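Since the structure comes first, as structure tokens, the remarks are kept for the end.
Each reported figure results from applying straightforward, stated rules to the coordinates on display, with no laboratory input. For clarity, every value in this text was computed on a predicted model and none was experimentally measured. Here Cβ is always computed from backbone atoms with ideal geometry, including for glycine, and neighbour counts include all displayed protein chains.
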Amino acid sequence: MTVKQLQEDILKLKKNNDVIILAHYYQPIEIQEIADYVGDSLGLSRTAKEKATEYIIFAGVDFMAETASILNQDKHVLIPNPESCCPMAAFLTPEKVREFRKKDPRIPAVLYVNSTAAVKAESDICCTSSNAISIVKKISEEFNVNKVLFGPDANLADYAEQMSGIKCLQMPEIGHCYVHSQIKPEHINDARKEHPKAKLLVHPECIRDVRDLADFVGSTTQMYNRVKNSSSEEIEFIIGTEEGLLERMKQDFPDKKYYLAKEKLICYNMKKHNLELIKYLLENLDDKTHEVKVPSEIAKKALPPIEKMLYYS
Ligand code: SF4
């Protein structure tokens, strides 16, 4: 079956069911094309809360589907490939968060949404890459302190600290995303040499030495909007994030040129979904092996930090 036929089947099946398909920008472009909403973690969380239908098919990694489940305990959240998980989330366990908190219980814990539901349940507030700076500022004001615990991404913690002036204690120091942290200054220098007129946009999960070379640092949606709102003189962009975003930009703004900051910036976890699996789910909405359901006692504890983030954003 061709991609087009599969997409048509999916759109037909979707019409007959109370279902919404959410997809992250890092999804294969053919999935982005049939999604009802494509966005970054913050946008996807908001949409999951505001537009929830009986069934939510979540084309993203497991922590995103878990967040949708926490926000919609009475709905069915389905993930096309249950093996799609984020290795960054594995850097923190609830026990580790409790250990960090014991050292100074007055310090609030900020948890990047790229963490498990059980870890979020140990936090005071969640954040995404698009609101990390403002969340760190607001929660430190609320607790009347000048430092926060921040995990699991040490690079995002460093960025939030750099931009907010609030100390972000990395929880743990080694937490990182294997896609973004593989971009090094030498890759940027090579890309700049090859495309001297291009603007460099990078994700805050990149290391500081890379971020410092960028013209713009932001989440996927912020990068997307930076291109969308670019002037007619800005034609070329070097993109420092997963290649799915670049594919989306090519489609939506075809008059610009895009180059990846480094070859093969691929999140293999995000790419575990495909159209066949989505079609299967639409035909088998009650297949429990694809359902992501956060146990209610964890969901109850993880909901307030997520809601606080949405309130502050
Ligand atoms: S791009 Fe990085 S942080 Fe995002 S899901 Fe993949 S591994 Fe996790």
Simple SL model, points at 7 angstrom along Cα→Cβ for Tyr312 and Ile266; separation in nm is 3.7
Set Lys96/Lys262; Lys102/Lys167; Lys138/Lys193; Lys256/Lys279, cut-off 29 Å on Cα-Cα distance; pairs above it are Lys96/Lys262; Lys138/Lys193; Lys256/Lys279
Expected max-MSF residue from Arg98, Arg211, Arg248 in the GNM of the chain (alpha carbon, under 10 Å) is Arg98
Note: the stretch 1-72 at 37 °C, 0.692 mPa s; Kirkwood Rh on alpha carbon pairs; Stokes-Einstein D in µm²/s works out to 265
Percent relative contact order for the stretch 1-60, counting Cα pairs under 8 Å at least six residues apart, stands at 39
Toy charge model, Lys and Arg Cβ at +1, Asp and Glu Cβ at -1: the chain dipole around Cα centroid in debye, rounded to 20, equals 600
Once the mean of 1/r over all distinct C-alpha pairs in the stretch 134-218 is inverted, the Kirkwood radius in Å reads 13.7
So, relative contact order of the chain in percent, Cα under 8 Å, 6 or more apart, is 22
The set of residues whose placed amide H lies less than 5 Å from the amide H of Lys199, leaving out same-chain residues fewer than 5 positions away, is Glu236, Phe237, Ile238
Once normalised by the length of the stretch 214-305, the mean sequence separation of its alpha carbon contacts under 8 Å that are 6 or more apart gives a contact order in percent of 21
Amide H contacts under 5 Å for Tyr25, restricted to residues at least 5 apart in sequence or on another chain and with H modeled in the peptide plane, are Gly39
Eigenvalues of the alpha-carbon gyration tensor of the chain, times 5 and square-rooted, give semi-axes in Å, largest first, of 29, 28, 15
Most fluctuating of Pro80, Pro152, Pro172 in the GNM of the chain (C-alpha, under 10 Å) is Pro172
For the stretch 166-313, the dipole about the Cα centre with charges only on Cβ (Lys and Arg +1, Asp and Glu -1), to the nearest 20 debye, works out at 300
For the stretch 180-260, the Cα convex hull volume per residue in Å³ comes to 76
Applied in sequence order to the stretch 25-39, the curve 6.51 cos²θ - 1.76 cosθ + 1.60 (Karplus, θ = phi - 60°) yields integer Hz couplings, x standing for Gly and Pro, of 4, 8, 6, x, 4, 5, 7, 3, 5, 9, 6, 7, 8, 10, x
In this structure, among Lys4/Lys264; Lys14/Lys300; Lys120/Lys288; Lys228/Lys264; Lys12/Lys120, pairs with alpha-carbon gaps over 32 Å are Lys12/Lys120
On each of the three principal axes the extent of the alpha-carbon atoms of the stretch 88-177, given in whole Å and largest first, is 27, 26, 19
Under 5 Å from the placed amide H of Leu78, counting only residues 5+ away or on other chains, we find Ile56, Ile57, Phe58, Val292
Phi angles of the stretch 257-269, converted by Karplus (6.51 cos²θ - 1.76 cosθ + 1.60, θ = phi - 60°) into ³J(HN,Hα) in whole Hz with x for Gly and Pro, give 10, 10, 9, 6, 4, 7, 4, 6, 8, 10, 8, 5, 5
HN-Hα couplings for the stretch 47-62 via Karplus (6.51, -1.76, 1.60; θ = phi - 60°), in whole Hz with x for Gly/Pro, come out as 5, 4, 7, 7, 10, 4, 10, 4, 10, 10, 8, 10, 8, x, 8, 4
